[in-house]
Amino acid sequence: MITRVIKPIQIVRVTPLKTVSEDERGSNVALSIRPTTDLLLIKRKKGTVSGEHFHEGKSPEKNPETHILVSGEIELYCKDLKTGETFREVICAPALIEIFANVWHKVTALTDITFLELNSIEQHKLDTVRCPEPKT
């Protein structure tokens, strides 16, 4: 297939990315590539634990919560808050991970990892309930 350019277009746009939060586990970098689609580029160091929360499904971007594991290896542990059913799996990049509402989840970085989370930091904060693993 041959693509022809009818009018001159901008060739490249480079935008520096802003770190929105950082702690001993690593950093979160926010990016917005379209007016209605936000992404978080998340880096975590080997041995760190993230998550330990669930989403109530208030935000469509959080039901399901969608991650793209770009590099590295994780252990994902999930617990359905309604049924008590659990899921544990080692996942290697690249992988698409979707976690549905009312599923408590925890990610352990088995190596240094990088993943994309398909929502903004604001959407994440509005629909995240942090807590230890619930007993069912």
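The values are calculated or read from the model by the stated rules, or taken from the named source; none is laboratory data. Here the structure is a predicted model, which means the values were calculated and not measured. Because the Cβ atoms are built from the backbone with ideal geometry, glycine has one as well, and the counts that use them run over all protein chains shown.
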What are the residues in segment 69-90 that are buried (at least 18 other Cβ atoms within 10 Å of the Cβ) and not basic (Lys, Arg), if any? Leu69, Gly72, Ile74, Leu76, Tyr77, Cys78
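If I ask for residues that are assigned to a strand (DSSP E or B) and more than 22 Å from Arg88 (Cβ to Cβ), which ones from segment 115-132 would you list? Write out each step before concluding.
If we filter segment 115-132 for residues that are assigned to a strand (DSSP E or B), which is where we start, we get 115-117, 129-130.
Listed by number, the list holds a single entry, Leu116.
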The one condition Gln123 fails out of (1) at pLDDT 90 or above; (2) within 11 Å of Ser59 (Cα to Cα) is (1)
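Could you check segment 59-91 and list, in sequence order, the residues that are part of a strand (DSSP E or B) and either in contact with an Asp or Glu (Cβ under 6 Å, 6 or more places away or on another chain) or charged (D, E, K, R) (or both)? If you could, list the steps in order and put the result at the bottom.
In the first step, residues of segment 59-91 are kept if they are part of a strand (DSSP E or B); the result is 62, 65-71, 73-80, 86-91.
Once the filter is applied, which keeps residues that are part of a strand (DSSP E or B) and either in contact with an Asp or Glu (Cβ under 6 Å, 6 or more places away or on another chain) or charged (D, E, K, R) (or both), segment 59-91 yields Lys62, Glu65, Thr66, His67, Glu73, Glu75, Leu76, Lys79, Asp80, Arg88, Glu89, Val90.
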Conditions (1) of a type outside the set (Val, Ile, Thr); (2) closer than 23 Å to Thr19 by Cα; (3) surrounded by 19 or more Cβ atoms within 10 Å (Cβ to Cβ) -> Trp104 fails only (2)
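Residues to consider are Lys79, Lys58; find the one that is basic (Lys, Arg) and at pLDDT 90 or above. Don't jump to the end; show me each part of the working.
Numbers: Lys58 fails: at pLDDT 90 or above.
Selected residue: Lys79, the only one of Lys79, Lys58 that is basic (Lys, Arg) and at pLDDT 90 or above.
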Out of (1) buried (at least 17 other Cβ atoms within 10 Å of the Cβ); (2) in a loop (DSSP other than H, G, I, E, B); (3) out of contact with any His (no Cβ under 9 Å at 6 or more places or on another chain), the odd one out for Glu56 is which? (1)
I want to confirm something. Restricting to segment 107-120 and keeping residues that are surrounded by 19 or more Cβ atoms within 10 Å (Cβ to Cβ) and modelled with pLDDT under 95, which single residue is farthest from the chain's Cα centre (by Cα)? Ser120
